[in-house]
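Colleague: Have a look at the structure that comes next, please.
The values are calculated or read from the model by the stated rules, or taken from the named source; none is laboratory data. Because the structure is a prediction, the values reported are computed rather than measured. Glycine gets a Cβ as well: all are built from the backbone with ideal geometry, and neighbour counts include every protein chain shown. Just so you know, the surface numbers come from the protein's heavy atoms only, side chains and all, with ligands and any DNA or RNA stripped out. Shrake-Rupley method; radii C 1.70, N 1.55, O 1.52, S 1.80 Å.
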Amino acid sequence: MLCLSINTVHASYFADVLNESVTDTLDIYHKVDRQSEFRISFFRTIVDDGSTDVASFRVINNTVDGYQVLFKSQNGGTFSPASTLDGETDIPYSISITFSGELGTNTTSYNSLSNTTLSSSTDTPILSVSNQTSPTDVEATVTVEVNDTNNQFMMAGDYSDTVTITYVDN
């Protein structure tokens with residue numbers, strides 16, 4: 001048994017062509033749908049001494065002009081006390097990011113941000129690409145790292161910071 005399948009989009013028929021030329025055109029194309037997605041989940045707001053996973057995010061992007069993921073700390077990478085009535089002082093912390101999946105070609109990534117890197121006045125890039133030549137599909141876990149050598153986390157006080165995570169499609 002012979003099966004034949006023909007998909008005809010456009011056909012031309014030229015008969016009795018004599019001492020002349022005939023022309024037809026074929027328009028061809030390629031299309032990939034644009035993807036630019038950012039999903040974030042926050043799953044813990046109370047931080048302990050040591051390492052605490054606080055969030056995860058996923059970036060899917062297949063645009064040549066790329067994207068950015070930016071972090072900003074309201075208190076410049078420190079847990080600031082609500083009061084200093086009992087001698088409370090700032091507690092510095094850092095953020096580590098663990099990536100899994102595929103980062104697009106030419107993507108710059110940062111796996112850690114120290115408290116001196118986290119700024120209250122500017123956004124700090126953790127993922128950045130402006131000439132992406134392969135798609136990104138990456139998940140990341142955000143971990144707050146506190147090295148409490150002075151045992152401040154054991155002492156009375158109410159400490160906080162606000163971290164802003166921003167996705168920018170270039």
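Colleague: Could you check, for segment 132-143, whether at least one of its residues is modelled with pLDDT under 95, farther than 16 Å from Tyr167 by Cα and open to solvent by less than 60 Å² (accessible area, probe 1.4 Å)?
Modeller: no
Colleague: Here is a follow-up. Please find, among Ser121, Ser94, the residue that is in contact with a Ser or Thr (Cβ under 6 Å, 6 or more places away or on another chain), among the small types (Gly, Ala, Ser) and farther than 30 Å from Val32 by Cβ.
Modeller: Only one candidate qualifies: Ser94.
Conditions tested, residue by residue: (1) at pLDDT 95 or above; (2) not aliphatic (A, V, I, L, M).
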{"position": "Leu2", "(1), (2)": "no, no"}
{"position": "Asn7", "(1), (2)": "no, yes"}
{"position": "Asn19", "(1), (2)": "no, yes"}
{"position": "Ile28", "(1), (2)": "no, no"}
{"position": "Arg39", "(1), (2)": "yes, yes"}
{"position": "Thr45", "(1), (2)": "no, yes"}
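Colleague: Let me ask something else. Got at least one residue in segment 95-107 being closer than 22 Å to Gly50 by Cα and in contact with a Leu (Cβ under 6 Å, 6 or more places away or on another chain)?
Modeller: Yes: segment 95-107 contains one or more residues that are closer than 22 Å to Gly50 by Cα and in contact with a Leu (Cβ under 6 Å, 6 or more places away or on another chain).
Colleague: Find the strands (runs of 3 or more DSSP E) located wholly in segment 29-108 whose residues include 3 or more that are buried (at least 17 other Cβ atoms within 10 Å of the Cβ), and list them.
Modeller: So the answer is 50-61, 67-73, 78-81, 94-102.
Colleague: Next question, about the same structure. Of all residues in segment 144-161, which are at pLDDT below 95 and among the β-branched types (Val, Ile, Thr)?
Modeller: Matches in segment 144-161: Val146, Thr149.
Colleague: Can you pull out every residue in segment 111-157 that is among the small types (Gly, Ala, Ser) and farther than 12 Å from Ile97 by Cβ?
Modeller: Ser114, Ser119, Ser120, Ser121, Ser128, Ser130, Ser134, Ala156, Gly157
Colleague: Which residue is farthest from the chain's Cα centre (by Cα), if the candidates are limited to segment 109-129 and must be more than 21 Å from Ser160 (Cβ to Cβ) and assigned to a strand (DSSP E or B)?
Modeller: Ser112
Colleague: Examine segment 126-146 for a residue that is over 30 Å from Asp33 (Cβ atoms), free of Cβ contacts under 8 Å to residues at least 24 places away in the same chain and not hydrophobic (A, V, I, L, M, F, W, C), and state whether such a residue exists.
Modeller: No: segment 126-146 contains no residue that is over 30 Å from Asp33 (Cβ atoms), free of Cβ contacts under 8 Å to residues at least 24 places away in the same chain and not hydrophobic (A, V, I, L, M, F, W, C).
Colleague: All but one of (1) in contact (Cβ under 8 Å) with a residue 24 or more places away in the chain; (2) among the hydrophobic types (A, V, I, L, M, F, W, C); (3) over 30 Å from Gln152 (Cβ atoms) hold for Val54; state the number of the condition that does not hold.
Modeller: Checking Val54 against (1) in contact (Cβ under 8 Å) with a residue 24 or more places away in the chain; (2) among the hydrophobic types (A, V, I, L, M, F, W, C); (3) over 30 Å from Gln152 (Cβ atoms), the one that fails is (3).
Colleague: Can I ask one more? Being of a type in the set (Phe, Trp, Tyr) and either under 26 Å from Ile60 (Cα atoms) or surrounded by fewer than 18 Cβ atoms within 10 Å (Cβ to Cβ) (or both) is the requirement here; does Tyr159 meet it?
Modeller: Judged against the criteria, Tyr159 is not a match.
Colleague: Another one. Take the residues in segment 148-170 that are part of a loop (DSSP other than H, G, I, E, B) and touching a strand residue (DSSP E or B) at 6+ places or on another chain (Cβ under 8 Å), then tell me which one is nearest to Thr105 (Cα to Cα).
Modeller: For segment 148-170, the residue satisfying everything is Asn170.
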